[in-house]
Amino acid sequence: MKRFVIGDIHGRATALREVLNKAKFNYTKDKLIILGDIVDGGGESKEAVDELLKIKNKIFITGNHDIWFIDSYKKGIIEYIWTSQGGAATIRSYKDGIPESHKKFFDGGVYYHIEDGDKLFVHGGFDVWHNKKIEKTPPHLLVWDRDIIEFVQKGNTIPNFKEVYIGHTTTQLYGPMEPIKFNNLYLLDCGAGYNGRLCLMNIDTKKYYLSKIQIPVD
């Protein structure tokens, strides 16, 4: 079994299929860890989830955009902050309704995942400045934190983990549309939600696969 992690998909089903094909990902045998923000941005959110549901071994880590989507069908909350940041494209993608299988998938997300005891996967980050344990971190911080990047940029190594993988903050802020490694922190959101690329990485070899540059969706 090969193990992969994928950055923020943001409604890019075509790009998702592209990187999975490039990696020769086996939908039955291989494992995929999804760093969150599956929806919003691109116009194929429903199709992206349809594709993910074909994968047998997967772990879905909830992102902030996923929470907005979940709130829309569970609580009827449709805020401007969501629709103005890609949510409108998601609503259009689900114009014929949200399948129960999709709701079950989103409802089954986790806020972080630990692999091998020393590899952490989380959408945003956690409070590394005060060395607080991941288990004590509130969900809001897990999906929204960006301070973890400043922490490692100052030369610090994230304690208690050999490797930490995050999405949420696009690598475009630091230059390249490809994964970035700061000490033991890996940034995997390469900007697919707007005009960047989708990134898939083999956790064990660190080989990564990038989609074509994406076109922004109105």
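Before moving on, here are some points about what is shown:
- Listed pairs LYS54/LYS104; LYS54/LYS162; LYS46/LYS74; LYS2/LYS207 exceeding 22 Å between Cα atoms: LYS54/LYS162
- Partners for LYS212 among aspartates and glutamates (Cα-Cα distance below 17 Å; same-chain residues under 8 apart left out): ASP8, GLU18, GLU44, GLU178, ASP189
- Label zone at ASN21, where the point sits 7 Å out along the Cα-to-Cβ direction: segment 175-218 residues whose backbone N lies under 13 Å: 211-212
- Candidates ARG197, ARG12, ARG146: whichever shows maximal mean-square fluctuation once the chain is modelled as a Gaussian network with Cα springs under 10 Å: ARG146
- The amide H of GLY41, built 1.01 Å from its N in the peptide plane, has GLY86, GLY87, ALA89, THR90 as neighbours under 5 Å, considering only residues 5 or more places off or on other chains.
- Helices in the chain, meaning DSSP H runs of at least 4 residues, each add -39500 (n - 2.57). Divided by all residues, the mean residue ellipticity at 222 nm is -7000 deg cm²/dmol.
- Mean-position separation - Cα centroids, segment 4-70 and segment 152-198, in angstrom: 18 Å
- Dimensionless Rg over Rh [segment 3-210; C-alpha; Kirkwood]: 0.94
- Springs between Cα atoms under 10 Å define the GNM used for the chain, and in it the highest mean-square fluctuation of HIS102, HIS123, HIS168 occurs at HIS102.
- Cβ-based exposure ranking for MET1, MET177, MET201, in which fewest neighbours within 10 Å come first: MET1, MET177, MET201
- Once exposed loop chymotrypsin sites (Phe, Trp or Tyr not before Pro) are cut out (DSSP; at most 14 other Cβ, 10 Å), longest piece of the chain: 28-128
Since every read-out is calculated from the coordinates, none of them should be taken as a lab result. All values reported here derive from a predicted model rather than from experimental measurement. Note that we place each Cβ from the backbone using ideal geometry, even for glycine, and neighbour counts take in every protein chain shown.
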